[in-house]
1. Could you identify the single residue in Glu238, Glu196 that is acidic (Asp, Glu), surrounded by fewer than 20 Cβ atoms within 10 Å (Cβ to Cβ), more than 24 Å from Ser92 (Cβ to Cβ) and over 19 Å from the mean Cα position of the chain (by Cα)?
2. Considering only the stretch 195-217, I want to know if a residue exists there that is within 15 Å of the ligand (Cβ to nearest atom), in contact with a strand residue (DSSP E or B) (Cβ under 8 Å, 6 or more places away or on another chain) and farther than 19 Å from Leu26 by Cα.
3. Give me the pairs, please: first residue somewhere in the stretch 168-182 and in contact (Cβ under 8 Å) with a residue 24 or more places away in the chain and farther than 13 Å from Gly231 by Cβ, second residue anywhere and open to solvent by less than 90 Å² (accessible area, probe 1.4 Å) and more than 11 Å from the ligand (Cβ to nearest atom), beta-carbon distance under 6 Å, and either six or more positions apart or on two chains.
4. Given the structure, is Pro269 more than 15 Å from the ligand (Cβ to nearest atom) and closer than 21 Å to Ala27 by Cα?
5. If you take just the strands (runs of 3 or more DSSP E) that sit entirely in the stretch 1-54, which of them hold at least 2 residues that are of a type in the set (Gly, Ala, Ser) and either open to solvent by less than 20 Å² (accessible area, probe 1.4 Å) or outside the structural domain of Thr255 (by TED's automatic domain parsing) (or both)?
6. Does Leu162 meet the test of being away from the ligand (no atom under 16 Å from the Cβ), touching a helix residue (DSSP H, G or I) at 6+ places or on another chain (Cβ under 6 Å) and assigned to a strand (DSSP E or B)?
7. Residue under question is Leu254, and the condition is that it be of a type in the set (A, V, I, L, M), closer than 20 Å to Ala210 by Cβ, buried (at least 17 other Cβ atoms within 10 Å of the Cβ) and touching a residue at least 12 places away in the same chain (Cβ under 8 Å); does it hold?
8. Taking into account only those residues within the stretch 20-64 that are among the basic types (Lys, Arg) and touching a residue at least 40 places away in the same chain (Cβ under 8 Å), which is nearest to the ligand (Cβ to nearest atom)?
Amino acid sequence: MRTTAFGPGKVIVLGEHGVVYGHPALAGPISRGVRAWAEPSERTQLELPDALTDSQRDALERAFARAAKKVKHPKVSIHVESDLPPSMGLGSSGALAVAIARVLLPPVTKAREVENLALEMEREFHGTPSGVDHTTSARGELILFQRGRAKVVTCPRPLKVLVAIAGKRGPTKVTVGALRERQARWPARYKRLFVEIASVVKDGAAAIRAGELESLGDAMNVNQGLLSALGLSSPPIEELVYRLRAMGAYGAKLTGAGGDGGAVIALFPEPEHAVVKLRAAGVDCFTSQLAGPRTL
Ligand code: MEV
């Protein structure tokens, strides 16, 4: 018997980094992600995907060994396939962890156990993750996440984002670690920024519930300014953010860890036209609906 599972990638709409320090974040699953399938085998094994760097392979091997031990080495061979660009802030490791956890565990397993096993793997990838990435992937809905707890946030209007790639970036662990050093050195100053980000997250969640997308877009712009103040933005991100705003986005910001590059999200009432224009100009981008009514 072959079992298959999908773990979606994610975008953080508001609140990345603050969430590591116990503040809330708003995150939603995207249409791209990781598919895993398991087949009976003599021993527990993971077929490693080809397109990984040496350090990504090592991290994946360690994460898989940790998860397999936790579930007492079921006799399956697991294969994975992803259409998420890795290391771009789109939750590829969280999606991978969820897809693998789903095929490692018996099919009737409770969602919470999938999340716990995925978290074991995420710790290997990121050290001390907030848990927002794998939780968003496992829940598959737009959530307000804080300290391991998630509440679904609904929207009366289609909430669609455009996701665009600004370029290569360093590992999340390094960006999060460098910010941790800065905030440990000047805690009062950094705390003020995290508290302000938390307010923007709450405003954004209220705007989504009310279907006020222009207000959400403004919250995204303010959040981008605060992320920049935290030292998490860079010229390739800013250039794309300003370009998207000039194309009519209600709001645009980096998503995920940020740094030298990674992904940017923009909120448009209808993002499809912007995707066509950006692709013609050579920008790697796609759209995803995070919440709200869907047309069939
Ligand atoms: C990474 O997708 C989001 C960060 O907030 C790290 C984390 O939550 O663990 C930067």
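The values are calculated or read from the model by the stated rules, or taken from the named source; none is laboratory data. Because the structure is predicted, anything quoted here is derived from the model rather than measured. Don't worry about glycine lacking a Cβ; one is built from the backbone with ideal geometry, like all the others, and counts go over all protein chains shown. Accessible surface is based on the protein model in full, side chains and every heavy atom, while ligands, DNA and RNA are left aside. Shrake-Rupley method; radii C 1.70, N 1.55, O 1.52, S 1.80 Å.
1. Testing whether each residue is acidic (Asp, Glu), surrounded by fewer than 20 Cβ atoms within 10 Å (Cβ to Cβ), more than 24 Å from Ser92 (Cβ to Cβ) and over 19 Å from the mean Cα position of the chain (by Cα) leaves just Glu196.
2. no
3. From residues that are in contact (Cβ under 8 Å) with a residue 24 or more places away in the chain and farther than 13 Å from Gly231 by Cβ, the pairs are Lys168/Gly261; Arg169/Gly261.
4. yes
5. Answer list for the stretch 1-54: 3-14, 25-40.
6. The answer is yes for Leu162.
7. No; evaluated as a whole, the condition is false for this residue.
8. Across the stretch 20-64, the extreme among qualifying residues is Arg32.
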